[in-house]
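Please treat every number below as a calculation from the coordinates, not as lab data. Computed from a prediction, not measured in an experiment: that's the story for all the values here. FYI the Cβ positions are ideal-geometry reconstructions off the backbone, even for glycines, and counts take in every protein chain you see.
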Amino acid sequence: MRGIKKTFMAVTVVGLALTGCSGDSGGEDSQTLLIAYKKADPVLESLMENTKEQFEAANEGITVELSPIEGNDDDYATKLALSQRSPDTAPDVFVEDSFKLRADVDAGYVLALDEYLADWEDWDAFNETAKEAGTGDDGGIYAVPLEADTRVIWYNQNVLGAAGIELPWQPQNWEDLLEMARTVKAANPDVVPFSMYAGTMQSFYELLYGTEDGALYDEDEQKWVVGSQGFIDSLDFLKTIYDEGLAVTPAQALDPNIWQEIVGDMLPQDRMGATVEGSYAPQFWQEGADYEWPEYGEVMATSPFPTQNGQEPGAVSMSGGWTLAVGAGSENPELAVDFVKMAMNFDNSLAYTVDASKIAVRNDVAETTEYQEMNPFAKEVTEVLEVSRYRPATADFAEIDTAVLTATQEVVAGGKSPEEAAADYDEALKQIVGEDNVIEK
Amino acid sequence: MSPARAAGATAARDRDQPVREAPRPRTPPASVRLRQAVRLLPLLPAVVLLLVFLGGPILWAFYGSFTDAGLTGASARNPEWIGLDNYRTLLTDPQFPHSLWLTFLFVLGSAVIGQNCLGLALALVMQRANRVVAAVAGTCVVAAWVLPEIVAAFIAYAFFFRDGMLNQLTGLAGLPVVDWLYEYPMLALVFANIWRGTAFSMMNYQAALNDVPPEITESATIDGAGGMQRLRFITLPMIKSSIATNLMLITLLTLGTFTLIYVVTGGGPLNASTTLPIMAYEQAFQYGDIGYGTAIAVVMLLIGAVFSIAYIRMLRERKD
C-alpha cells in the first residue's frame, strides 16, 4: 500500500509542478506600456484609442497595449487590484476611481507624480478642486483627474410654477427646501415634491457637508468624526422629507433602480418637483440617450444645494470621478507619465469632456464655447465645482460609506430615530477604524 | 455525482474483499505493486485537477482567513498573520448571527422543505398523470432549471418587484399591491429558489420511483393499503437513500447560492436578505477585506461539511 501512495504522491507533485509552471509570462518589457481601463464607456474607450495612436506616432518603437476590463465599478476595482498584485500583470497606466485612489496608494500600487508633473506647464491649467481627486493622504499628487462631476438640485419648472413657486427658484437654506416641498404638495398631492435618495453622494453628504461641523473626517487631525450634531441634523432632514411624504416612498427609496424611474418617468412626466442629481443628468436626456427628453432644457433648471442655515459658502456639492494613475512598479515611469499627459492635453481633454458630458477638470477647457454649449446646464454645474468636496476616500472608506448608507436607510425605512442611527454609526465607525482614530465633535 | 461515485467505490470494495482477506506477503511482489499503480493511473488527471483547482483554493482560504490580507490598502502589500482575530471579529459581528439565521431560513425553506417536498410530490403525481400532461408539466418545471442562473434571477426580479408580474396579476384580481422585495425579501427569495431548483429534486425522485418495483405496491394494494399508507410504508422507505442523497445535494447547492440573491435583492433592503455568501462577498470585494471574507467562507465550508457528513452517515445507516 505504501508503494502505491508514494507513486501517487510523486505523480501528483509532478502534475502540480507542471500546471504551476505555466503562468510564467516573462515579465513586461520596457518598450510596451500596458493601459488598464473600464470597458463600459465608449467615450473613455475612444480617448484611450486615440491617445494610443498619437502616442505611438510620437514615440517610435513604443507599443501601447490597451487592456479594457469589463464589468461594473466594483468588478473593475477588484480586477484592477488583483492585476496590481503581480508585477507581471500590473498596468503601467490605469484609470482609477478617485474613491479608491488613497487605498491603492496605501497598498503601494500607485506612483507619486509630484516630480513628474513639476515641469508640466499644463498642470497649472487644472482646476484646484479637481486636483483634490488625485491627492493622497500625505498631500502628494498620485493621479491626474480625468473628469469631475458635481451635484446640484434639478427641478421641474412646470411643477414648481404650477404650485406658485417663484422662478427661478433659489433656495438659501434647508428651510427653503422644505417650504417649497410643502407648498408643492399642498398644491398637488399627486406629485413627489422633493426627493433625495436614501443614499450618500446625492443625499446625505450634500446635507452633512453643509452643516456647521459637518464632515466625516478631520483632515488636520487625520481622525474620523463621531458624535457630530451635523450628522444627526442631516439624518433628521431626510427623516422629515420621508415622514411628511415629500419624497418617494421608503420602499422606492431603497430600490437601487429608483433613479431610472426618477429621471426616466417622474421628472419628464411632471410627477416630481425636484431632486438632487449629478451634473451628468443631461446625459440621460440628451438626444439618443436612454431617457431621451427633447424639452429637458426648457423644463428643467438647476440650483446649487444650500447649506443648512445659509452659512458660508452658501452652497455645497459632492464630487467624484475617474483619474489617471501610474503603476508604482512601471518599468518606464517617464513614458507612462507622458502617456497620461498626452491623454489629458487640451485637445484630448476637451473632446472627452464634451462627449461624456462631464465637468471639465482643466480651466482652459471649461472656458471654450464648445464646452459651455455642450448642454444648457454646463456652465451652472461647473461653477459649483468651486464649493464642491471630495469624499475622504481612505482605505477604510468603502466600509464607512456603507455604514453611513445604513444609517440613512435605517432612518428612512427602518424606523430608527436620527439619534439612534447616528449612535449606531459611531459604534460601527469605531469598529472599522479603531477607537484611537476617532475624534469627538 | 457523488452518490454514483460512492456506489462505485462500494462496489469496488466488495470485489476486493476476497483478495484482501487472503493471506499475502508483507511486501507484495513488484509486479503486483506495478499493476496496482497502473490501475490508479486513470484517476490521476481527476485527482490532480481536484487538488489544483479545489484543494488549492480551499487551503488558501484557510490560510487567508488567519491573515489581514486586503484587496487594497496597507494590508494588501504586507498581509500579516493575525491568528484567530478574523474569527473573533466574526463572533462579535452583529451581522453574523443575522446572516447565519437567514442562510438557515433560506436552506430550510427553499431546499429542504420547498424543493424537496415539491419535487417528490411532482414526481409522485407525474407517475399517475397521462403522458401528455406529464410531458408538459415536466417541461415547465425543468425550464427554470435549464436557464442560466443569472437569467433565472432576472426573471425572478421581474416577477416580484413592485411593478412586476406578480403585482400586475394580483392587481387584476383586485388585490392590494405588495412590495415583495421590500416587505418580504426572504420569502420572495425562497419562492424564487423553489421555482428554480425543484426540477432537480423532481428528476431525482422520478428516477428513484421508477426503481420501485410495481409488484410490491400492487401487493400492498391487495392487502388493503390506501394511498397514503402505501406512500408512507412502501414507497418512502424504498427511496430513502435517494431522499438522503437529494437532500445533501440540494442543501449544498442552496447553501452557496449567490447569484440569485445578489441579483434579486442584493442582500437588501437593509441587510434583510444578506445570507452568508453575500456577506462574504461584501466583506471581501466591496470592503476589500479578503482575510475577513475568507473567514466567512471557511465557516460556510465547515457548515457544508457538517451537513455532508450528517447526510452521508444517514446514507450508511440505511445501507446496513
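Some observations on this one:
- In degrees, nearest ten, helix A:418-433 long axis to first principal axis of chain A (Cα): 10 degrees
- The residue list B:Asn86, B:Ala244, B:Thr259 was ranked by how far each Cα lies along the charge dipole of chain B toward its positive end, using unit charges on Cβ atoms, and B:Ala244 comes out on top.
- Nearest 10 degrees, 0 to 90: helix A:174-187 Cα axis against chain A principal axis: 60 degrees
- For A:Glu380, neighbours were defined as the other residues whose beta-carbon sits under 14 Å from its Cβ, and their charges (Lys and Arg +1, Asp and Glu -1) total -3.
- Using distinct alpha-carbon pairs, which all enter the 1/r mean, Kirkwood radius of the range B:206-320 in Å: 17.3 Å
- Only Lys, Arg, Asp and Glu carry charge here, each on its Cβ (+1 for the first two, -1 for the last two); on that basis chain B has a dipole of about 1420 debye about its Cα centre.
- Ranked by how many other beta carbons lie within 10 Å on average, peptides B:218-229, A:369-380 from highest: A:369-380, B:218-229
- Of A:Lys239/A:Lys430; A:Lys39/A:Lys379; A:Lys39/A:Lys79, those spanning more than 18 Å from alpha-carbon to alpha-carbon: A:Lys239/A:Lys430; A:Lys39/A:Lys379
- R0 of 35 Å, Cβ-Cβ distance A:Ala58-A:Thr89: FRET efficiency to nearest 0.05: 0.85
- The distance from the alpha carbon centre of the range B:90-132 to that of the range B:267-320 is 16 Å, rounded to a whole number.
- The phi torsions of the range A:97-103, fed into the Karplus equation with coefficients 6.51, -1.76 and 1.60 and a -60° offset, translate into couplings of 5, 4, 5, 9, 4, 5, 4 Hz, rounded to whole numbers, with Gly and Pro shown as x.
- Residues whose amide H falls under 5 Å from that of B:Ile239, counting only those 5 or more places apart or on a different chain, are absent, with hydrogens built in the peptide plane.
- Charge dipole of the range A:221-304 about the Cα centre (unit charges at C-beta), most positive-ward option of A:Gly273, A:Pro294, A:Ile241: A:Ile241
- The listed peptides A:235-245, A:140-150, ordered by packing as a protection proxy, come out as A:140-150, A:235-245 (highest mean of other Cβ atoms within 10 Å first).
- Too-long pairs where the Cα-Cα distance tops 24 Å, listed order kept, from A:Lys100/A:Lys131; A:Lys38/A:Lys100; A:Lys223/A:Lys416; A:Lys416/A:Lys441; A:Lys131/A:Lys358; A:Lys38/A:Lys131: A:Lys223/A:Lys416
- Positive-pole candidate from B:Phe106, A:Asn127, A:Gly164, dipole of the protein assembly as shown, charges at beta carbon: B:Phe106
- Exercise: per-residue mean of other protein chain Cβ atoms within 10 Å, A:104-110: 5
- Around B:Arg162: net Lys/Arg minus Asp/Glu count, Cβ-Cβ under 9 Å: -3
- Residues with amide H under 5 Å from that of A:Thr323, placed H, sequence gap 5 or more: A:Glu96, A:Asp97, A:Ser98, A:Leu146
- Angle in degrees between helix A:333-343 and the longest Cα principal axis of chain A, rounded to the nearest 10: 40 degrees
- Gyration tensor verdict on the protein assembly as shown (Cα atoms; rounded if a/c is under 1.5, prolate if a/b is larger than b/c, oblate otherwise): oblate
- A Cβ-based charge dipole, computed about the Cα centre of the range B:201-294 with Lys and Arg at +1 and Asp and Glu at -1, lands at about 120 debye.
- For the segment B:62-75, counting C-beta atoms of other chains within 10 Å of every residue's C-beta and taking the mean gives 4.
- A:Ala351-B:Thr259 pseudo-label distance in nm [points 7 Å out on the Cα-to-Cβ vector]: 3.9 nm
- Sorting the segments B:35-44, B:109-118 by their mean number of nearby beta carbons within 10 angstrom, highest to lowest, gives B:109-118, B:35-44.
- Built amide H within the under 5 Å cut-off of A:Ala315, gap 5+: A:Thr307
- For residues of A:395-401, the mean tally of beta carbons on other chains within 10 Å: 5
- When each of A:Met318, B:Met202, B:Met300, B:Met314 is scored by the number of other beta-carbon atoms lying within 10 Å, the sequence from fewest to most is B:Met314, B:Met300, A:Met318, B:Met202.
- Note on the range A:27-112: with charges restricted to the Cβ of Lys and Arg (+1) and Asp and Glu (-1), its dipole about the Cα centre is near 220 debye.
- Our coupling estimate for the range A:232-245, obtained by passing each phi through the Karplus curve with A = 6.51, B = -1.76, C = 1.60 and θ = phi - 60°, is 5, 4, 5, 4, 5, 4, 4, 4, 4, 5, 7, 5, 7, x Hz, Gly and Pro reported as x.
- In sequence order, calculated HN-Hα J values of the range B:224-233 (Karplus, 6.51, -1.76, 1.60; Hz; x Gly/Pro): x, 6, x, x, 5, 5, 4, 4, 6, 9
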